[in-house]
Amino acid sequence: MKKPTQKLHKFKYKKLKKPLNWLDCVGQTGWLTSKEMDAAKPANCVTGEFWIYKDTKTYITVFGTYVHLDDGEIEFGDVITIPKHWI
């Protein structure tokens with residue numbers, strides 16, 4: 001029995017060397033008490049294992065999952081674009 005073969009795909013994206021940290025907005029669409037409003041604060045976000053898709057002066061776009069399609073294209077998932085001044 002032959003082993004299944006995998007197509008080798010060129011992968012040009014670099015993995016993040018360390019997690020990114022940033023504050024992100026948090027929204028509420030329901031009713032809140034004044035105590036809940038006083039306690040509201042931004043979310044402290046941290047990336048896990050991500051790859052860099054694009055890194056510019058003003059923002060970075062990273063992705064956490066990907067798949068190679070039969071036509072050679074790559075489809076990306078868990079995509080986040082973060083303004084640099086948030087990091």
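Values quoted throughout were computed directly from the atomic coordinates according to the rules given, and no laboratory measurement underlies them. Keep in mind the model is a prediction, meaning the values are calculated, not measured. Glycine also receives a Cβ, built like all others from the backbone with ideal geometry; neighbour counts cover every protein chain displayed.
Using a Gaussian network model on the chain with a 10 Å cutoff between Cα atoms, which of 26, 62, 46 fluctuates the most?
Comparing 26, 62, 46 in a Gaussian network model of the chain, the most mobile one is 26.
Cross-link list 10/57; 14/41; 12/41: which exceed 31 angstrom alpha carbon to alpha carbon?
Numbers: 10/57 26 Å; 14/41 33 Å; 12/41 38 Å.
14/41; 12/41, as the Cα separations exceed 31 Å there.
Please state the relative contact order of the chain as a whole percent: Cα pairs under 8 Å, 6+ residues apart? Before the final figure, lay out the partial values.
On the way: 111 pairs, mean separation 22.5, N = 87.
The value is 26 percent.
The range 21-78: which chymotrypsin sites (Phe, Trp or Tyr not before Pro) are DSSP loop and have at most 13 other beta-carbon atoms within 10 angstrom? Show your work: numbers first, answer last.
Details: sites: 22, 31, 50, 51, 53, 59, 63, 66, 76; in loops: 31, 50.
Loop-located and lightly packed - 31.
Using only the Cα atoms of the chain, construct the convex hull and provide its projected area averaged over every direction, in square nanometres to one decimal.
10.0 nm²
Within 10 Å of each residue's Cβ, count the other Cβ atoms and sort 81, 58, 47 from fewest upward. Show your work: numbers first, answer last.
Working: 81 11, 58 7, 47 18.
Listed from fewest to most nearby Cβ atoms, that is 58, 81, 47.
Excluding the sites themselves, what is the longest stretch of the chain that contains no trypsin sites (Lys or Arg not before Pro) in a DSSP loop with at most 16 other C-beta atoms within 10 Å?
Values: sites that count: 2, 7, 10, 12, 17, 57.
That gives 18-56 as the longest site-free run.
Just 77, 48, 30 to compare: in a GNM of the chain, with alpha carbon springs under 10 Å, which one fluctuates most?
Of 77, 48, 30, the Gaussian network model singles out 30 as fluctuating most.
Can you list residues from other chains, or at least 5 along the same chain, whose modelled amide H is less than 5 Å from the amide H of residue 60?
82, 84
Hey, what do the phi angles of the range 61-70 turn into as Karplus ³J(HN,Hα) couplings, whole Hz, using 6.51/-1.76/1.60 and θ = phi - 60°, x for Gly and Pro?
Those phi angles translate into 10, 10, 9, x, 9, 7, 9, 8, 7, 4 Hz.
So which aspartates and glutamates can residue 18 reach, going by Cα to Cα under 14 Å and dropping same-chain residues fewer than 8 places off?
Counting by Cα, and skipping residues close in sequence, residue 18 has these aspartates and glutamates nearby: 49.
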